[in-house]
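Nothing in this text is a laboratory measurement; each read-out follows from the coordinates by a stated rule. These numbers were taken from a predicted model, which means no experiment stands behind them. Cβ placement follows ideal geometry from the backbone for every residue including glycine, while neighbour counts extend to all protein chains displayed.
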Amino acid sequence: MTPHLLYTAWSFPPSRAGGVYRALATVNAFAAAGWDVTVLTVPRDIFESSTGVDSSLEDQVAPGVRVERVDPGSTAHVSDLRRWSRFRARNIELWRGLDRLRDLRSFPELTYGRWRPRLEKAAARVHAARPVDLAIGTANPNVDFATGAYLSRRFGVPYVMDYRDAWGLDVFSGEDLGSWVPGRARVERRLLAGAAEVWFVNEPIRAWHTQRFGGADRMHVVANGYDEYDVPLAVPVRPEREDGLVFGYIGTMSDQVPIEPLVRAWRIAREDGRLPLSSRLVVHGYVGHSGSGVAADTLSRAEADGVSFRGPVSKSRIGEAYAGFDALVLALGTGLYVTSGKVYEYAATGIPIVSVHDPGNAATDVVKDAPGWVGTRSLEPADIADALAATAAVAAAQTAAERASAQAWGAQYARRAQLEPRIDALSGLVGKRS
């Protein structure tokens, strides 16, 4: 009988939040491996009023995957003031305190906690209609893990915890987050103890968890990898590069991304002639969640220096954006545990990459052997300028054969290659239980 996976993810198409790509790829990989898949996620209007949507992603969900949208009951994402109660509008601080208590009564996580009982009810309904053989929850939010734990307690269903980041670890500072939320550490420990497998995006995060919680044999690295959509990522060398090199950045510009030192370095390298004045830096993506902030101001002031901000690009057509670049800028926040899914996509293109992040980031371990890679010594503008200039020389000279070689190297990070070993292992686990 075909095994049945119940997958829980707050971020699922048409969400455009970073975690959606891992969720979409995992669901599609299980479907391709012959599993029936049901997804529990939130209604579309949650994304429309908060993180935004990319409607093209819904077309990428594998045929036959059932998507059930469960209202989380959260009021934090209600941004329309006309939907606020009079009490909320007039007593916002008191209202917020009471609202947090409503979350914590259900699960030790603010904003999302009250989704737990609704998820459990939906999971019971799905299991009654078609018995679930395996449950996977991907975080954050961490309440996504509650579905699998519930099915395990009630029906003995094995479950997997897929940490996209971490619950108790600050991946930027490396510090234990701790928590004033009652029971958070206890609940996480209990969830980890009961999981059949626990997935992490890189080895430093996995090692941190094994040191604190044990269970190393059940903890695995499932790197983000890259996904192929409508337009291939393996793009050819751009024939027009003699008219001026185009550096490209694609990604969300959070407060941790060093946009300001990057722009200062870009200006330095152009002014001293190491980058021709015809060179351009093209930035695609979202500026945080609100579209404003330091990054937005920095980019708007840099237009005269050949820097242009072009907003988001559809994931399904992202290959078209890469085809217009001669070099890629991998700008990331600082942290030993920071990798980013973008690094794998960059590698797949075969385009020379300049790393504009702390050399100690986990991302360095991924790209340091990539053909054409250049890393900055530090995040000081002078060092970034040196790296940009070195990358320009590589990009200007890259041949079609060298691009193809780089693409062959990057192919090892295809998302399917990361997921297949775990799907095989879990298929064996489910088969034994049957």
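So if each residue of separation counts as 0.36 nm, and I subtract the Cα-Cα distance between residue 271 and residue 1, what length gain in nm does that give?
Working: separation 270, 0.36 × 270 = 97.20 nm, distance 6.66 nm.
Gain on extension, residue 271 to residue 1, equals 90.5 nm.
To the nearest 20 Debye, how big is the dipole of the chain about its Cα centre, given +1 on the beta carbon of each Lys and Arg and -1 on that of each Asp and Glu?
Details: 50 positive and 50 negative charges, 426 e Å.
The dipole of the chain has a size of about 2040 debye.
List 69, 116, 301 from most exposed to least, where exposure is judged by having the fewest other Cβ atoms within 10 Å. Let's see the in-between values first.
Details: 69 15, 116 23, 301 12.
The fewest-first ordering by Cβ neighbours comes to 301, 69, 116.
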Which lysines, if any, have their Cα less than 18 Å from the Cα of residue 315, not counting same-chain residues under 8 positions apart? 342
For a footprinting-style exposure proxy, rank 199, 409 by other Cβ within 10 Å, fewest first. 409, 199
Dipole of the chain (Lys/Arg Cβ +1, Asp/Glu Cβ -1, origin at the Cα centre): which of 62, 392, 353 lies farthest to the positive side? 62
Can you spot the lysines whose alpha carbon is less than 29 Å from residue 432's alpha carbon? Ignore those fewer than 8 places along the same chain. 121
Go ahead and estimate [θ] at 222 nm for the chain from helices alone: -39,500 (n - 2.57) per DSSP H run with n ≥ 4, summed, over the residue count, rounded to 500. -12000 deg cm²/dmol
Please give the FRET efficiency for residue 59 paired with residue 92, using the beta carbon to beta carbon distance and R0 = 41 Å, rounded to the nearest 0.05. 0.55
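Work out how much length residue 314 to residue 432 would gain on full extension: take 0.36 nm times their residue separation and subtract the Cα-Cα distance, in nm to one decimal.
On the way: separation 118, 0.36 × 118 = 42.48 nm, distance 4.16 nm.
In short, 38.3 nm is gained.
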Quick one: compute the contact order of the chain, relative version, from alpha carbon pairs under 8 angstrom and 6+ residues apart, as a percent. 14
Give, in nm to one decimal, the length gained when the segment between residue 400 and residue 256 is fully stretched (0.36 nm per residue of separation minus the Cα-Cα distance). 48.3 nm
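If the range 289-434 were replaced by its equivalent ellipsoid, with semi-axes equal to the square roots of 5 times the Cα gyration tensor eigenvalues, what would those be, largest first, whole Å?
31, 20, 17
Translational diffusion coefficient, Stokes-Einstein: compute it for the chain using the Kirkwood radius over C-alpha pairs as Rh, at 37 °C and 0.692 mPa s, and state it as an integer in µm² s⁻¹.
Values: Rh = 22.9 Å.
Roughly 143 µm²/s, to the nearest whole number.
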Considering only C-alpha atoms, what is the centroid distance from the range 227-266 to the range 355-377, in Å? 15
Where the eigenvalues come from the Cα gyration tensor of the range 373-415, what are the semi-axes √(5λ) of the equivalent ellipsoid, largest first, in whole Å? 25, 15, 5
Report the relative contact order of the range 239-413, percent, no decimals, based on alpha-carbon pairs under 8 angstrom and at least 6 residues apart. 25
Taking the DSSP beta bridges in the chain as the whole, what percent of them are antiparallel, to the nearest 5? 5
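If we count other beta carbons within 10 Å of each Cβ, what is the order of 277, 379, 5, fewest first? Intermediate results must be reported in sequence, preceding the final value.
Numbers: 277 11, 379 18, 5 24.
So the residues, fewest neighbours to most, are 277, 379, 5.
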Could you give the nm distance between label points at residue 69 and residue 409, where each point is 7 Å from its Cα heading toward the beta carbon? 4.4
Using only Cα atoms, locate the centre of the range 382-419 and the centre of the range 22-37, then give the distance between them in Å, rounded to an integer. 29
For the pair residue 380 and residue 242, how long in nm is the line joining their label points, each one 7 Å along Cα→Cβ? 3.9
For the pair residue 100 and residue 368, how long in nm is the line joining their label points, each one 7 Å along Cα→Cβ? 4.1
Relative contact order in percent for the range 4-68 (Cα pairs under 8 Å, 6+ apart) equals 45
